[in-house]
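This report concerns only the one structure given below.
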Amino acid sequence: MEENPYAHHLEGREAIDIIAATALRLREIFAAYTPEEIDRSPGEKKWSLRELMAHLADCEIAWSWRLRQTLGPPSKTETPQLQPFDQDHWGDRYAAYDFASAQTTYEALRAWNVRLLTTVTPDDQGRPVHHPERGDITLQTILETIAGHDLHHIKLLEGLARKENRDTVPSPS
């Protein structure tokens, strides 16, 4: 598996800057939609905007833990081990979440993580961690993955907003 499938989205920009700006950009994008559009089911294997927001909240939960694992006390004998997750399996339960709760959860966790990232040093960025599917990576790889994932979804949402037919949001890849 590719080490970071989202890195190309950064196009030379700083990951932490993107991470810090994403919540506001998402709020702006989602504000253009009616509640009916946010909850509309676009079809099989595609997420509604509500489900997409739940996905982003779930990812922020996972990334919160990954950041803290990586920034935890260094061990001379063990590299922290990250736990992968199956987004589609988690997505099977998104009917339980309303948009406002998902957005509030995402924004609160993102703000908390952005504050944590103000403490990251250049040495921290090189801290090693092991991902079972991606191998040995660093905190910087995690930051680039988060930022690239943000940009991936922003590009999809901005493209969707430009279309006249706003009833299809591709499931994340």
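The residues listed here are 78, 37; of these, the one that is loosely packed, with under 12 Cβ neighbours inside 10 Å and among the acidic types (Asp, Glu) is 78. Of the set (1) under 23 Å from residue 26 (Cβ atoms); (2) modelled with pLDDT under 95; (3) among the basic types (Lys, Arg), all apply to residue 76 but (1). Contact annotation: residue pairs with Cβ atoms under 8 Å, 6 or more positions apart or on different chains, pairing a residue in the stretch 43-71 that is surrounded by 19 or more Cβ atoms within 10 Å (Cβ to Cβ) with a partner that is basic (Lys, Arg) and in a helix (DSSP H, G or I), are 60/110.
So which of 87, 103 is over 26 Å from residue 132 (Cα atoms) and either out of contact with any strand residue (DSSP E or B) (no Cβ under 7 Å at 6 or more places or on another chain) or among the hydrophobic types (A, V, I, L, M, F, W, C) (or both)?
Numbers: 87 fails: over 26 Å from residue 132 (Cα atoms).
Selected residue: 103, the only one of 87, 103 that is over 26 Å from residue 132 (Cα atoms) and either out of contact with any strand residue (DSSP E or B) (no Cβ under 7 Å at 6 or more places or on another chain) or among the hydrophobic types (A, V, I, L, M, F, W, C) (or both).
Whenever a residue of the stretch 133-160 is more than 17 Å from residue 8 (Cβ to Cβ), its partners that are of a type in the set (Asp, Glu), lying with C-beta atoms within less than 7 angstrom and at least six residues away or across chains, give the pairs 135/3; 139/124.
The values are calculated or read from the model by the stated rules, or taken from the named source; none is laboratory data. This one's a predicted model, so the numbers in the text were calculated from it and none came from an experiment. Using ideal geometry, Cβ is built from the backbone for each residue, glycine included, and neighbour counts are taken over all protein chains shown.
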